[in-house]
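Each remark here refers to the structure printed beneath this line.
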Amino acid sequence: MTATHDLGTSSLATSDLFRSVFRRHASGVAVITAQGTRPVGFTATSLASVAAEPPLLSFGVGSGSSSWPVLSEAEHVGVHILGEHQRELAATFARTGADRFGPATGWRSGPEGVPVLDGVLAWLVCRVVARIPAGDHRVVIGEVTTGTAAGAGRPLLYHQGRFNALRD
């Protein structure tokens, strides 16, 4: 027996249906950073581990995002796992036109010159090994070169279009 799914009046999935479905999928929240002539960064909910040997991860970035021109050429990127106490930081890095590296954002220049954010649950520096076109985005694959998981706390999640704390 084959299951059927109501996709509305069309047999092709629309971007609205796709967004509606993925609003129901909870994901962790990360901030990706890179250094060009200025630091850039954005909030990502597409972070995924790819392989353990060598340690590889992936994330998506919009081809039209303000961070893409720097990320398209960066040799290294920073990946920061946010804690539930960092909703405002996530919102700042998600907001178009925000001063992401202004006085309210604690950060320092880390390994390979990558901006490293303060107070995160964990951070990694990755060497970019691939940039793969995927529709209106690019999938970036990075090989982890260093990092730390020193922060304590619970992760920040993204669900139903909002940043949320993990519930017991």
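Computed from the coordinates by the stated procedures, all read-outs in this text should not be read as laboratory data. Not measured: the values here are computed from a predicted model. So basically every Cβ, Gly included, is an ideal-geometry build from the backbone, and we count neighbours across all protein chains shown.
What are the residues in segment 127-163 that are among the hydrophobic types (A, V, I, L, M, F, W, C) and out of contact with any helix residue (DSSP H, G or I) (no Cβ under 9 Å at 6 or more places or on another chain), if any?
Val129, Ala130, Ile132, Ala134, Val139, Ile141, Val144, Ala149, Ala150, Ala152
Filter segment 95-116 for residues that are of a type outside the set (Ser, Thr, Tyr), assigned to a loop (DSSP other than H, G, I, E, B) and under 16 Å from the mean Cα position of the chain (by Cα); which is nearest to Ala149 (Cα to Cα)? Only one residue fits best here, namely Val114.
Within segment 117-134, the residues that satisfy the criterion of being more than 19 Å from Val40 (Cβ to Cβ) and assigned to a loop (DSSP other than H, G, I, E, B) are Gly119, Leu121.
Here's the yes/no breakdown for (1) exposed (fewer than 14 other Cβ atoms within 10 Å of the Cβ); (2) farther than 19 Å from Ala48 by Cα; (3) without any contact (Cβ under 8 Å) to a residue 12 or more places away in the chain:
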site: Leu71; (1), (2), (3): no, no, no
site: Gly78; (1), (2), (3): no, no, no
site: Leu82; (1), (2), (3): no, no, no
site: Thr92; (1), (2), (3): no, yes, no
site: Thr96; (1), (2), (3): yes, yes, no
site: Pro103; (1), (2), (3): yes, yes, yes
site: Trp107; (1), (2), (3): no, yes, no
site: Gly110; (1), (2), (3): no, yes, no
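Suppose we keep only residues that are in a strand (DSSP E or B) and among the polar types (S, T, N, Q) within segment 135-168. Which one would you say is nearest to the chain's Cα centre (by Cα)?
This residue is Asn164.
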